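What follows is a single structure, written as C-alpha cells, with notes after it.
Bear in mind these aren't lab numbers, they're just calculated from the coordinates by the rules spelled out. A quick note: this is a predicted structure, and the numbers were derived from the prediction, not measured. Neighbour counts are summed over all protein chains in view; Cβ atoms, including those assigned to glycine, are modelled from backbone coordinates with ideal geometry.
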Amino acid sequence: MPQYFPPNVNAFVRWSILGGGAFLVALLVALPIYARTMNNAVGVPVAQPIDFAHNLHAAQLGIDCRYCHTTVEVAGFANVPASETCMTCHSQVRVGAPQLAALWVSWERDTPIRWNRVHDMPEYVYFDHSAHLSNGVGCSTCHGRVDQMEGIWKNEPMTMGWCMECHRAPERFLRPRSEVFNMAYRPPRDQLILGQELVFAYHVDTEKLIQCSTCHR
Ligand code: HEC
Ligand code: HEC
Ligand code: HEC
Ligand code: HEC
Ligand code: HEC
C-alpha cells in the first residue's frame, strides 16, 4: 500500500489540535478582559471608587472644568484632580458623609484615588488636548454634555474613523476659542461659513490633519 503521509503525521496532528485548543481557550479568556480594560462602551457610565457627579459639581455648583482639569489647555494630557483639590471644599462640606469615606482615606494616607479611565487611546496614537482647544474644538464636541452626566461615559467611539471625520473637514465643527468650555454651545445656522473663517483665522493646517504621521509618530 502506498504511504500518503509521512510516519510522524499523527504526532503532528495531535500537537496542532492541542496547540490550537490552547490558543482558543487563551483567546476566549483574554478577549473579554481586553474589551473591558481597553475599550469602554459608548454611552455606558464607568464605575468609579467614589460616585463623583459632574452634573452636581460642574453645572449645579458651577465649578469650571479647569479648576480640576488644570492642564487641559496647556498640555496634551488632561489631568484628573488630586484629592487635595477635592479637600479644598470637602474638609468643610459634607464631612463624615459615607459617600466621601474613600476620599478621607486617600487624604489621610496620602495615596491617590484610583479613578478608572473612561478614555484610553492605544499607545501608538498621539493625542493632544491643548492643540484642539486653541484651534476652537470644544470639550462637548468630543465628550458630550459632561455637565449633565452623573457618571462619565465615552460619548463617541473615538476610533480612527471618528477622528478623521473631523480632520477631513474641521470647518463643520470649529467654534470661536472663547466658546470651547461652553457646554451648551450650539453651532449657528451658517456653521460652514463661520467654520471656514475660523480655519483661516486660526491657521488650521488642513494638509497636516490627514497625514498618518500627525497621529502616529
Ligand atoms: C470638582 C472637580 C471636577 C470638575 C469641576 C470637572 N471634573 Fe471632570 N473629572 C473629575 C474627576 C475626579 C474625574 C475622574 C472620575 C470620573 O471619571 O468620573 C473626572 C473625569 C472626567 C473625564 C473622563 C476622564 C477619563 O477617564 O477619560 C472627562 C472627559 C471630564 N472629567 C470632563 C470634564 C469637563 C468637560 C468638565 C467641565 C464641564 C469637568 N470635567 C469638570 C473632576 C472634575
Ligand atoms: C468647590 C467646592 C467643591 C469641590 C472642589 C468638590 N466638591 Fe464635592 N461637593 C461640593 C458640594 C457643595 C456638594 C453638595 C453638598 C450637598 O449636597 O449639600 C458636594 C457633594 C459631593 C458628593 C456627594 C456627597 C453626599 O453626601 O452625597 C461627593 C461624593 C463629592 N462631592 C465628591 C467630590 C470629589 C471626589 C471631589 C474632587 C474630585 C469634589 N467633590 C470636589 C463641593 C465641592
Ligand atoms: C478633539 C477631541 C477632544 C476634545 C475637544 C477634548 N477631549 Fe478630552 N479626551 C479626548 C481623547 C481622545 C482622550 C483620551 C486621550 C488618551 O487616552 O490619550 C481624552 C481624555 C480626557 C481626559 C482623561 C485624561 C487624559 O488626558 O487622557 C480628561 C480629564 C479630559 N479628556 C477632559 C477634557 C476637557 C475638560 C476638555 C475641554 C476643555 C476636553 N477633554 C476636550 C478627546 C477630546
Ligand atoms: C471636531 C474636530 C476634531 C476631532 C473630533 C479630532 N480632531 Fe484632532 N485636530 C483638530 C484640529 C482643528 C486640529 C488643529 C490643527 C492645527 O493645529 O493646524 C487638530 C490637531 C490634531 C493633532 C495635531 C496636534 C499637534 O500638536 O500637532 C493631533 C495629533 C490630533 N489632532 C489627533 C486627533 C485624534 C487622535 C483624534 C481622535 C481621537 C482627533 N484628533 C479628533 C480637530 C479635531
Ligand atoms: C486623526 C488621527 C489619525 C490619523 C490622521 C490616522 N490615524 Fe490611524 N488610528 C487613529 C486612532 C485613534 C486609532 C486607534 C483607534 C482605532 O482602533 O480606530 C488608529 C489606529 C490605526 C491602526 C490600527 C489598526 C486599526 O485600524 O485599528 C492602523 C494600522 C492605523 N491607524 C494606520 C493609519 C494610517 C496608515 C494612516 C494614514 C493614512 C492613519 N492611521 C492616520 C488615529 C489616526
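Side notes on the structure shown:
- By the count of other C-beta atoms within 10 Å, a proxy for reagent exposure, His54, His216 are ordered fewest to most as His216, His54.
- Restricting region 92-151 to GluC sites (Glu not before Pro) in coil, as DSSP defines it, with at most 16 other Cβ within 10 Å: Glu123, Glu150
- Local net charge near Ser106, Cβ-Cβ under 12 Å (Lys/Arg +1, Asp/Glu -1): -1
- A simple spin-label model places pseudo-atoms 7 Å from Cα toward Cβ; at Ala184 and His57 they are separated by 2.2 nm.
- On the basis of the beta-carbon distance and an R0 of 45 Å, Ser213 and Thr70 show a calculated FRET efficiency of 0.90.
- Backbone geometry of region 45-62 corresponds, through the Karplus equation with coefficients 6.51, -1.76 and 1.60 at θ = phi - 60°, to 3J(HN,Hα) couplings of x, 8, 5, 10, x, 10, 6, 6, 9, 5, 4, 5, 6, 7, 8, 5, 8, x Hz, x marking Gly and Pro.
- Here r is the Cβ-Cβ distance between Asp205 and Val125 and R0 is 22 Å; the resulting FRET efficiency, rounded to 0.05, is 0.70.
- Here the Karplus relation 6.51 cos²θ - 1.76 cosθ + 1.60, evaluated at θ = phi - 60°, turns the backbone of region 181-187 into coupling constants of 8, 6, 5, 9, 4, 10, x Hz, with x for every Gly and Pro.
- Loop trypsin sites (Lys or Arg not before Pro), region 108-185, which have at most 15 other Cβ atoms in a 10 Å radius of their Cβ (DSSP): Arg114, Arg117, Arg145, Arg168
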